[in-house]
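Written below as structure tokens is the structure these notes are about.
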Amino acid sequence: MPELVFFSGTMDCGKSTLALQIEHNRSTRGLVGMIFTRDDRAGEGKLSSRLGLVTDAVEVEDGQDLYAYIVDHLSQGGRADYVIADEAQFLAPGQIDQLARVVDDLGMDVYAFGITTDFRSKLFPGSQRLVELADRIEVLQVEALCWCGARATHNARTVGGEMVVEGAQVVVGDVNQAAGEIGYEVLCRRHHRRRMTAATSRAAALSPDVLPVPPA
């Protein structure tokens, strides 16, 4: 039976790499996929991995009907045996409903890839809808690590190495950004709660301890 599968994980855990692997495995068996993405690090209309792999994709727009897009593609003689949706957290809940309809009405597997929560640990609306509708949720087993060595479970937004907790939910960036740029870092829950990034932890380690001064 066709399924809507949600592959979730933090940033830097290999979601896009797995999406590209699924596309490769199926294409070598003669299957044709429809690949959607949004706000990929490589630019518009691209699905890319930090390992350097990249392929063309359909850039999803605000208000676009993904079900209608696929039906129109098929009605014009195109072929699609399965669907991949990368950066699915950026899709609107209604677009997730459309992907579920692709599974139910067109009989295609849909593989959605995305992070679950934003830099404030709040669910992305697209990810929330996937949790509600997916036939299966797969948490990726390639664990990203916090700077302390613990398993990373949270995505932090940084500016100049310092964690920020205010701003728009969607700001395109990546891990390992240059100083002064908006970037992201994966942290364990403890250090996300303490707002302690790799940069601020190094600064704290270099600072001399402040000892209590007894009264005169």
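The values are calculated or read from the model by the stated rules, or taken from the named source; none is laboratory data. Source: prediction; values computed, not measured. Here Cβ is always computed from backbone atoms with ideal geometry, including for glycine, and neighbour counts include all displayed protein chains. Heads up: the accessible areas ignore ligands, DNA and RNA and are worked out on the full protein's heavy atoms, side chains in. Shrake-Rupley method; radii C 1.70, N 1.55, O 1.52, S 1.80 Å.
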I'd like to know if segment 56-79 contains one or more residues that are out of contact with any Asp or Glu (no Cβ under 7 Å at 6 or more places or on another chain) and under 30 Å from C146 (Cα atoms).
no
Go through segment 64-106 and give me each residue that's free of Cβ contacts under 8 Å to residues at least 12 places away in the same chain and part of a loop (DSSP other than H, G, I, E, B).
Q76, G77, G78
In segment 21-51, anything open to solvent by less than 70 Å² (accessible area, probe 1.4 Å) and of a type in the set (V, I, T) is listed as I22, V32, I35, T37
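Could you say which residue among I96, I115 is within 24 Å of G45 (Cβ to Cβ), in the same structural domain as C13 (by the TED database), touching a helix residue (DSSP H, G or I) at 6+ places or on another chain (Cβ under 6 Å) and modelled with pLDDT of 95 or more? Break it down into steps so the answer makes sense when it comes.
Values: I115 fails: modelled with pLDDT of 95 or more.
The conditions single out I96.
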Filter segment 133-148 for residues that are open to solvent by less than 50 Å² (accessible area, probe 1.4 Å) and closer than 11 Å to V186 by Cα and give the result.
A144, C146
Per the filter on segment 60-92, residues in contact with a Lys or Arg (Cβ under 8 Å, 6 or more places away or on another chain), crowded, with 16+ Cβ neighbours inside 10 Å and not hydrophobic (A, V, I, L, M, F, W, C) are Y67, Y82, D86, E87
